[in-house]
1. All but one of (1) touching a residue at least 40 places away in the same chain (Cβ under 8 Å); (2) outside any loop (DSSP other than H, G, I, E, B); (3) among the β-branched types (Val, Ile, Thr) hold for Thr351, so report the exception by its number.
2. Could you grab me the full set of residues in the range 147-187 that are within 23 Å of Asp12 (Cα to Cα) and among the charged types (D, E, K, R)?
3. Take Ser260 and decide whether it is under 24 Å from Gly470 (Cα atoms) and at pLDDT below 95.
4. Tell me the residue from Ala386, Ala428 that is modelled with pLDDT of 95 or more, out of contact with any strand residue (DSSP E or B) (no Cβ under 8 Å at 6 or more places or on another chain) and either in a helix (DSSP H, G or I) or exposed (fewer than 15 other Cβ atoms within 10 Å of the Cβ) (or both), please.
5. Suppose we filter Lys450, Lys455, Lys418 for residues that are under 23 Å from Lys370 (Cβ atoms) and not hydrophobic (A, V, I, L, M, F, W, C); which single one remains?
6. Yes or no: Glu543 buried (at least 17 other Cβ atoms within 10 Å of the Cβ) and modelled with pLDDT under 95?
7. Here's a check for you: in the range 17-46, which residue that is touching a residue at least 24 places away in the same chain (Cβ under 8 Å) and out of contact with any helix residue (DSSP H, G or I) (no Cβ under 9 Å at 6 or more places or on another chain) is nearest to Glu77 (Cα to Cα)?
8. Working only within the range 335-383, note down all residues that are aromatic (Phe, Trp, Tyr) and under 30 Å from Lys418 (Cα atoms).
Amino acid sequence: MAHPNPDAFENDPGYPFLAISREMKAAATSRPFDSKKNCWIADPEEGFVAAEIKETKGDMVTVITARGNEVTLKKEEAQEMNPPKFDKTEDMANLTFLNEASVLTNLKERYAAMMIYTYSGLFCVVINPYKRLPIYTESVIKHFMGKRRNEMPPHLFATSDEAYRNMVQDRENQSMLITGESGAGKTENTKKVISYFAIVGATQNAAGKEKAGGGAKGGTLEEQIVQTNPVLEAFGNAKTVRNNNSSRFGKFIRVHFSGSGKLAGGDIEHYLLEKSRVVRQAQGERSYHIFYQIMSGFDPKLREKLQLTNDLKYYHFVSQAELTIEGVNDKEEMGLTQEAFDIMGFEDWETECLYKNAAGMMHMGEMKFKQRPREEQAEADGDEDAKNAGICFGVDAEAFLKALTKPRVRVGTEWVNKGQNLEQVSWAVSGLAKAIYARMFHWLIRRCNKTLDAKAMERKYFIGVLDIAGFEIFDFNSFEQLWINFVNEKLQQFFNHHMFVLEQEEYKREGIQWTFIDFGLDLQSCIELIEKPLGIISMLDEECIVPKATDMTYVQKLNDQHLGKHPNFQKPRPPKGKQAEAHFAIAHYAGIVRYNATNFLEKNKDPLNDTAVAVLKNGSGNQLMLDIWEDYQTQEEAALAAKDGGGGGKKKGKSSSFMTVSMIYRESLNNLMHMLHQTHPHFIRCIIPNEKKQS
C-alpha cells in the first residue's frame, strides 16, 4: 500500500469545511428513499419540510410530514425530492429536480456542515459563516492554484483561478462580480479574491520581490494591493443596523497583469459614497470608522494635536447613535490603519492632514449659531469650536464664520454680503462637511492608485473585482437608496443577459433546437422608468432648475406623468410598523420599495457655500485641504476668469453649480457598465443565513 501523502489536500485543516467526507457520503446513500413517495412540502417555520405521500385522490395528495403531521394538499404543491446520492451536492446544476425546496435544502445542509461555498451552474454561492474558517490559508491557496474547477471542491479560489486562467489563455480582461444584500459578506470575499490574485500574480513574479516606490516606507506590490483595503475601510466603511463593517461606497478594484500573467499593479474606481452619514446617523448606526479610531487614544498625543480634548459624546456629528461596535477595538483598528498607511508609502504630512480634516469636521458640527431677534440673520454664538476647526483646516476662524453667516453673492453686476438665517447656516455647515469628506475620500482613492501604479511593468490585462452595495429596502428609503437600487437593477440585468444570452449562444453553436429568450428584458421597464427622459431622474434634474420647485411639486409631476401609466410606478401603501411615510413606490427586481422624497432636490443639487469654500481654498497649513479644492471653481473665480478674457488661459471645466449629483452618478455608472461589458464576468453571490449574525 502506498504511503499517504502528508501534503495531500485531504490532510489540510481547511478540508473538512470544503469537501464532503467519505463517512458523510456513505451516511447519505444509506438513507431510505422512494422517488414516488418522498417529497417536500411548504412549511411556515422551516421553509420546507420532508414528507411521504400516503395516498393520492385526483389532483389532491395526503402526506405525512417528518414531524408526523398528516396534511392534504394539491399535487403540484408537493415538490419532488432528489435521490440521496445528491445530498449536499457541490453543484446544484447536477440535481435531477431543481425546485425551490431542493436548492434551499442543499444550501442549508451544506451550511450546517459549515461548507459555505456551493456552485449553481456558472456562479458560486457563499453563505456568511459568521466565524473565521481555516479555508483561506496559504496552503489552501497552493492546492487551488492552477487546478480546474471540477478537480476541486467549490471555493472562491476556484472561481478566481478560473478567471486568472481565462485571462492568460483567452487574452481577455475578466471581472468578478460580488453581489448580495447588506451584511452577506461581499467585502470579506472581495478581500480574499484580491489576496488570491496578488499571490498568484506574485508567484509568477518570484524574481520581482523588490519594494515598490522605494524609501523607508512601503511594501512589495502584492502587500500594497492587499493593504489598500484597511485604508479604504477606515474612511469608507461604517456600522449599520445589519452589518458592523458595511462598505458605504461601491468599488471596482482592478488587478493588472503582464501578458505572461505577472502582477503589474492595480487601481480602484469608486461609486456612490454615502456622504450624509458624515453629519447624520440613524438609530443603531455609527459614522465612518476613522472618527472613532482617531478618538481611541492609539497615539496618545493625537487628540491633543487635533484639539479633540472633549469626550466623544460632545461631537454631535459623530455621536448621534452608536459609539462603539461589539467585538471591535477601535484602538487596535487605528493601529492597523496606520500600518496600512505605512505599507502604502503615505508621507507623514498626508496622514496627518487626513486626520486634521476628519477632526475639523467634528469641530464644525459644534460651531454654535443663534438667530438675531426680528431679523433674517444668524450670527456666531461663541467661537471656541470654530477656532479649533480653523486650526485643523489651516484657516482663519473669523473669516470662516463670516463666510457662513454672510456669504458673498452676486446681485446684478455687484458682489454683496447676503445675510443667512439659522436654518440656511446649518444646511451650509453640513453641506460643507459632507463635501470635504467626499473630496477627501476621492483624493484618498487617487493617492492609493498612485502607490499601486507599478510604472516599470507592462500592463496588458486586468481582472476587476466589483464590490457594490446590494438592493436596500429600509423603513426609510431616500435618494441614496434610489441610486443603490438603480445600480443593482443594472447589474442584475447584466447578470441575466450574461447567464442566459451567453448560455443560449452556446446552445446555438452546438445546434440544439431552442427558442431564444432574453431574460434581461424583465428589468428593462424599471430601468427605463428611472433613467429615460421624463423618468424619475431626469424629472428630478429638471425640477432642480425650476424656481420655487419643492420636493412635493416633484412628486406631483411624477404622479401626473407615471401613476397608472407605468407598471413599475405605484402609489405607496400606508406605513406599517416602523416604516416611514412614503411619497412614491417603485417595483424593482428585488421587490417594491417605498421612497420618501423629502430633501431629494437638496441632495441632488448639493449646493455649497462658495464663500466658505474660498476661505478653505486660500488657507495655509493644511496642504491636503488645498489639494482637494484645487479643481473647484467658485462663482467669483469664474466671473474673474471670464473678465480676464474667457477662462483666463487655464480652463477648469464647468462651474460646479451646473452638475447635479445625479449627473455625476450617471456618468460613473455608465463607465462601469461599459467596462463590465468588455470583460468576461464571473459571479459570486453572497447570502445572509439569518438576521441574528449567528453562525
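The values are calculated or read from the model by the stated rules, or taken from the named source; none is laboratory data. Bear in mind that the values here come from a model prediction, so they are computed numbers and not experimental data. So basically every Cβ, Gly included, is an ideal-geometry build from the backbone, and we count neighbours across all protein chains shown.
1. Condition not satisfied by Thr351: (1).
2. Lys147, Arg148, Arg149, Glu151, Asp161, Glu162
3. No.
4. Result: Ala428 is the single residue among Ala386, Ala428 that is modelled with pLDDT of 95 or more, out of contact with any strand residue (DSSP E or B) (no Cβ under 8 Å at 6 or more places or on another chain) and either in a helix (DSSP H, G or I) or exposed (fewer than 15 other Cβ atoms within 10 Å of the Cβ) (or both).
5. Lys418
6. no
7. Asn38
8. Correct list: Phe369 only.
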